[in-house]
1. Where is the GNM fluctuation largest for the chain (alpha-carbon springs, 10 angstrom cutoff): D26, D212, D60?
2. If you rank D86, D92 by fewest surrounding Cβ atoms within 10 Å, what's the result?
3. Among T120, T50, what is the fewest-to-most ranking by other Cβ atoms within 10 Å?
4. Could you pull the Cα extents of the range 1-160 along its three principal axes, largest to smallest, in whole Å?
5. Would you indicate which of (1) 77, 42, 34; (2) 54, 40, 32; (3) 65, 45, 30 is the value of Cα extents along the principal axes in Å derived from the coordinates of this structure?
6. Would you look at the GNM of the chain, springs on alpha carbons closer than 10 Å, and say which of L250, L143, L220 moves the most?
7. Would you look at the GNM of the chain, springs on alpha carbons closer than 10 Å, and say which of E174, E228, E163 moves the most?
8. Express in % the proportion of alpha carbon pairs of the range 163-250 at distances exceeding 21 Å.
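No value in this document is a laboratory result; all are computed from the given coordinates. Everything quoted here is computed from the prediction, not taken from an experiment. A quick note on method: Cβ atoms are made from the backbone with ideal geometry, for glycine too, and the neighbour counts reach across all protein chains shown.
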Amino acid sequence: MGEVALFIDLENIATSLWKNFQQSPDPFVLMEKAAKYGPISFARAYGDFTQPPLQRLESDLRAAGIDKLDCPTKVRDEGEAQSTVDANIMIDLFEVALDRPTITTFVLMAGDRDYVRVVTRLRHRLLKEVVVAGVPGSISRELVRAANSSDPLEPLEAGDVDEHALIQVIDRYELSLPEGVYPTFGRMLPYVGDPRNSHVISSQVVQQRLNDLVQRGVLLQEQVMLSEGRELRVTRLNHDHPLVVEALELGDYEEDDDTGEGDDLEEAEG
């Protein structure tokens with residue numbers, strides 16, 4: 001069995017998963033899918049990592065063994081933003097195919113028809129096996145036809161989550177914040193999605209579940225004015241909600257603030 005190269009259009013995958021299923025990509029799941037085709041000797045994710053949804057994936061990418069290539073978005077004279085991800089992936093596909101002959105299978109996690117030409121060349125001129133693994137509902141039919149096979153990234157079944165345990169995790173997050181620091185949704189996400197909480201909830205569905213708690217009033221959101229005149233949206237547990245009352249009454253746990261997510265938080269001044 002030959003080696004495998006994994007190329008992830010992370011902007012496409014993250015956007016499509018959220019748009020279609022309100023889920024986030026799990027780098028470990030992406031690696032598991034690619035590993036079905038042989039030993040992985042090259043794995044790289046592409047995207048503009050100044051975007052918060054991709055920033056939150058960086059630590060999991062490293063832990064899963066996936067390199068990242070930052071592809072800054074270009075802004076044209078007319079103010080239109082243009083992604084550079086496609087071009088970078090196409091260049092690397094050819095370079096890896098030419099320079100690393102032991103790699104026989106290319107797993108392309110994307111759905112854009114712009115990859116059709118390079119996929120066709122890999123198959124017919126370089127005799128490589130190409131597997132397209134995109135998000136259902138966002139994969140170009142042309143791209144699937146150009147590849148040897150398609151292996152879609154099926155959404156994770158959210159399943160039953162112990163909401164009492166989830167609320168206890170959120171409570172630990174709030175308790176871990178230094179005095180004078182407001183809880184925000186953006187900081188709550190990585191804390192709750194930390195691997196140490198995987199027995200409670202999968203990181204892939206954390207955002208979906210937290211949004212649901214907001215809609216049901218379990219989490220309250222409000223704007224607060226900081227001393228310098230800047231507004232900040234705060235997201236915190238609604239301690240008057242019956243579900244929160246039940247969860248905290250049941251909770252017999254120790255405060256744990258060692259998730260590495262406490263730095264650089266928004267502070268309240270004055």
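1. In the Gaussian network model the winner is D212.
2. On the way: D86 19, D92 16.
Taking fewest neighbouring Cβ atoms as first place, the list is D92, D86.
3. Details: T120 16, T50 10.
So the ranking, lowest neighbour count to highest, is T50, T120.
4. On the principal axes, the range 1-160 reaches 49, 38, 30 Å in Cα extent.
5. Checking each listed value against the structure points to (3).
6. Comparing L250, L143, L220 in the GNM, the peak value goes to L250.
7. In this elastic network of the chain, the residue with the biggest mean-square fluctuation among E174, E228, E163 is E228.
8. Numbers: 1080 of 3828 pairs.
So the portion of pairs separated by more than 21 Å is 28 percent.
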